[in-house]
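The values are calculated or read from the model by the stated rules, or taken from the named source; none is laboratory data. Fair warning: this is a prediction, and the values are worked out from it, not measured in the lab. All Cβ positions, even for glycine, are placed from backbone atoms using ideal geometry, and neighbour counts span all protein chains on display. Keep in mind that these areas ignore ligands, DNA and RNA; they rest on the heavy atoms of the full protein, side chains included. Shrake-Rupley method; radii C 1.70, N 1.55, O 1.52, S 1.80 Å.
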Amino acid sequence: MLTPTSQESVSYRLEVVWRLVLRSALMIEAALLLASLAVPLLGRDTHPEDSDPGVSTRLLASLAAYVTAQPNQFGDRDSPPADVPGGVWMTRIVLVLLLVALILAAVATFGLALDRTGRPTHILARAGGTLLLISVGLLALAQIWLSDDYVATPLQPRLLMPVAAGLWLLSVATAKRRMDELDTAQ
């Protein structure tokens, strides 16, 4: 039979285990966020016949390349559904949205690592995770829009990295919210 002291001891140990699991989950989230910045998220943004190995397609370099790029660098098609200027503008906007989502997710991850988190941290985590999912979906759509035989912007499987970060953040935020609710109930 558990005595009050042993119940407190079991409760304390369980809380320590949950905190260790949460810290591990947050370290995985931080690794996913860093990987989202480090891996190439876009296909090459030049003509396929160009063999320039210096083209970087990581997030920040892609954003700089798409901001300075002219739509005629992606082909001279102006009629829908292959409207190149629209695809370039959509890619520019979504890359900025993805960068904002990564920043929100990083701030939320830091906030979730604190012992007690407030409602704003949970809202920020949900917003960051949801924005990561939405921005990746829109970026995939923009890259499909620009992809054809003449433009080398194939959809990258590495876009799954920010998707994983978004899903992971949403699950960690839900677990942390439940853990905080249990702490306040005791």
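Okay, here's what the table says:
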read-out	value
Residue ID - modelled with the lowest pLDDT, chosen from residues in the range 103-118 that are surrounded by fewer than 22 Cβ atoms within 10 Å (Cβ to Cβ) and of a type in the set (Val, Ile, Thr)	117
Within the range 141-155, considering residues that are within 19 Å of the chain's Cα centre (by Cα) and crowded, with 18+ Cβ neighbours inside 10 Å, the one modelled with the lowest pLDDT	143
Residue that is least open to solvent (accessible area, probe 1.4 Å) [pool: residues in the range 49-102 that are modelled with pLDDT of 80 or more and of a type in the set (Lys, Arg)]	92
When residues of the range 168-186 are limited to those that are surrounded by fewer than 16 Cβ atoms within 10 Å (Cβ to Cβ) and within 20 Å of the chain's Cα centre (by Cα), the one modelled with the lowest pLDDT	175
